Amino acid sequence: MKSVVTTVVTAADAAGRFPSSSDLESVQGSIQRASARMEAAEKLAGNIDNVAKEAYAACIKKYPYLNDAGEANSTDTFKAKCERDIKHYMRLIQYCLVVGGTGPLDEWGIAGGREVYRALNLPTAPYVEALSFARSRGCAPRDMSAQALVEYNALLDYVINSLS
């Protein structure tokens, strides 16, 4: 799994050098932000079901045609899978907060994600809408501290941009 430490060491190794001072500053910055990331991960863990349900509802509100017969959200099974997928992305974001890098998203959420959605003829726009809703839903200090929210939103932006 990629973290900021493994990314820095791998990049330096690939270049045939030791990590530079700027590489080490990157690692130090990640370590300094660790408490904010842990706070965000903890808060998300305590509310992940509600966040996923609200995000799902927001995407269906924007794309109600998905409930029409033959569409991606037309059966109870499809609805459950859609909400499950949103929750899966939220769980991967939580993992990324813990490791301090995008490895879990890259490895388990993004790589091949578009291809799977295309193969199943599923649009990615509703997932983007759901994650965008989750991003705009977060509020400091109601949900978490301002710095924790910055860390959380950065990962949401990362997924949103990868699916867009």
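The values are calculated or read from the model by the stated rules, or taken from the named source; none is laboratory data. These numbers were taken from a predicted model, which means no experiment stands behind them. Cβ coordinates were reconstructed from backbone atoms using ideal geometry, including for glycine residues, and neighbour counts include every protein chain displayed.
Any idea which of (1) under 26 Å from Asp143 (Cβ atoms); (2) surrounded by 14 or more Cβ atoms within 10 Å (Cβ to Cβ); (3) among the aliphatic types (A, V, I, L, M); (4) free of Cβ contacts under 8 Å to residues at least 24 places away in the same chain is the one Met90 doesn't satisfy?
In the conditions (1) under 26 Å from Asp143 (Cβ atoms); (2) surrounded by 14 or more Cβ atoms within 10 Å (Cβ to Cβ); (3) among the aliphatic types (A, V, I, L, M); (4) free of Cβ contacts under 8 Å to residues at least 24 places away in the same chain, Met90 misses (4) alone.
In region 12-48, which residues are surrounded by 12 or more Cβ atoms within 10 Å (Cβ to Cβ) and under 18 Å from Met90 (Cα atoms)?
Within region 12-48, Ala36, Arg37, Met38, Glu39, Ala40, Ala41, Glu42, Lys43, Leu44, Ala45, Asn47, Ile48 meet the criteria.
So, Lys53, is that one among the basic types (Lys, Arg), surrounded by fewer than 19 Cβ atoms within 10 Å (Cβ to Cβ) and within 22 Å of the chain's Cα centre (by Cα) or not?
Values: among the basic types (Lys, Arg): yes; surrounded by fewer than 19 Cβ atoms within 10 Å (Cβ to Cβ): yes; within 22 Å of the chain's Cα centre (by Cα): yes.
In short, yes.
For region 122-129, does any single residue satisfy the condition of being acidic (Asp, Glu) and in a helix (DSSP H, G or I)? Give the steps one after another, and end with the answer.
Step one: filter region 122-129 for residues acidic (Asp, Glu), giving 129.
Within this subset, residues satisfying the condition of being in a helix (DSSP H, G or I) are 129.
Taking every residue of region 122-129 in turn, at least one turns out to be acidic (Asp, Glu) and in a helix (DSSP H, G or I).
Taking the condition without any contact (Cβ under 8 Å) to a residue 40 or more places away in the chain, aliphatic (A, V, I, L, M) and within 18 Å of Val128 (Cβ to Cβ), does Ala57 pass? Quick ask: steps written out before the conclusion?
Values: without any contact (Cβ under 8 Å) to a residue 40 or more places away in the chain: yes; aliphatic (A, V, I, L, M): yes; within 18 Å of Val128 (Cβ to Cβ): yes.
Spelling it out, Ala57 is indeed without any contact (Cβ under 8 Å) to a residue 40 or more places away in the chain, aliphatic (A, V, I, L, M) and within 18 Å of Val128 (Cβ to Cβ).
Inspect all residues belonging to region 68-76 and state whether any of them is farther than 22 Å from Arg33 by Cα, buried (at least 20 other Cβ atoms within 10 Å of the Cβ) and in contact (Cβ under 8 Å) with a residue 12 or more places away in the chain.
Step one: list which residues in region 68-76 are farther than 22 Å from Arg33 by Cα, which gives 68-76.
Keeping just the survivors that are buried (at least 20 other Cβ atoms within 10 Å of the Cβ) gives 72-73.
The next check asks that each one be in contact (Cβ under 8 Å) with a residue 12 or more places away in the chain; those that pass are 72-73.
Yes, the conditions are met somewhere in region 68-76.
Select, from Ala125, Ala140, Ala134, the only residue that is at pLDDT 80 or above and surrounded by 18 or more Cβ atoms within 10 Å (Cβ to Cβ).
Values: Ala125 fails: surrounded by 18 or more Cβ atoms within 10 Å (Cβ to Cβ); Ala140 fails: surrounded by 18 or more Cβ atoms within 10 Å (Cβ to Cβ).
Within the list Ala125, Ala140, Ala134, the selection yields Ala134.
Read through the list (1) among the small types (Gly, Ala, Ser); (2) modelled with pLDDT of 85 or more; (3) over 19 Å from Tyr152 (Cβ atoms); (4) in contact with a Phe, Trp or Tyr (Cβ under 8 Å, 6 or more places away or on another chain), then give the number of the only condition that Ala57 fails.
Evaluating Ala57 over (1) among the small types (Gly, Ala, Ser); (2) modelled with pLDDT of 85 or more; (3) over 19 Å from Tyr152 (Cβ atoms); (4) in contact with a Phe, Trp or Tyr (Cβ under 8 Å, 6 or more places away or on another chain) leaves (4) as the failure.
Report, ordered by the first and then the second residue, all pairs with beta carbons closer than 9 Å, sequence separation of six or more or different chains, a first member in region 1-25 that is at pLDDT below 90, and a second member that is aromatic (Phe, Trp, Tyr) and part of a helix (DSSP H, G or I).
As it stands, the answer is Met1/Tyr95, since those pairs meet every condition given.
Go through the residues of region 144-155 one by one and say whether even a single one is in a loop (DSSP other than H, G, I, E, B), in the same structural domain as Met38 (by TED's automatic domain parsing) and buried (at least 20 other Cβ atoms within 10 Å of the Cβ). Explain how you work it out, then say what you get.
Of the residues in region 144-155, the ones in a loop (DSSP other than H, G, I, E, B) are 144-145.
Right, trim to in the same structural domain as Met38 (by TED's automatic domain parsing) and you get 144-145.
If we keep only those that are buried (at least 20 other Cβ atoms within 10 Å of the Cβ) too, we end up with 144.
Yes; the residues of region 144-155 include at least one that is in a loop (DSSP other than H, G, I, E, B), in the same structural domain as Met38 (by TED's automatic domain parsing) and buried (at least 20 other Cβ atoms within 10 Å of the Cβ).
Taking the conditions exactly as written (under 21 Å from the mean Cα position of the chain (by Cα), on the phi > 0 side of the Ramachandran plot and not acidic (Asp, Glu)), does Gly112 satisfy them or not? Explain how you work it out, then say what you get.
Working: under 21 Å from the mean Cα position of the chain (by Cα): yes; on the phi > 0 side of the Ramachandran plot: yes; not acidic (Asp, Glu): yes.
Yes.
So Lys62 passes all but one of these: (1) in contact (Cβ under 8 Å) with a residue 60 or more places away in the chain; (2) over 24 Å from Cys139 (Cβ atoms); (3) of a type in the set (Lys, Arg). Which condition number does it fail?
Here Lys62 clears every test but (2).
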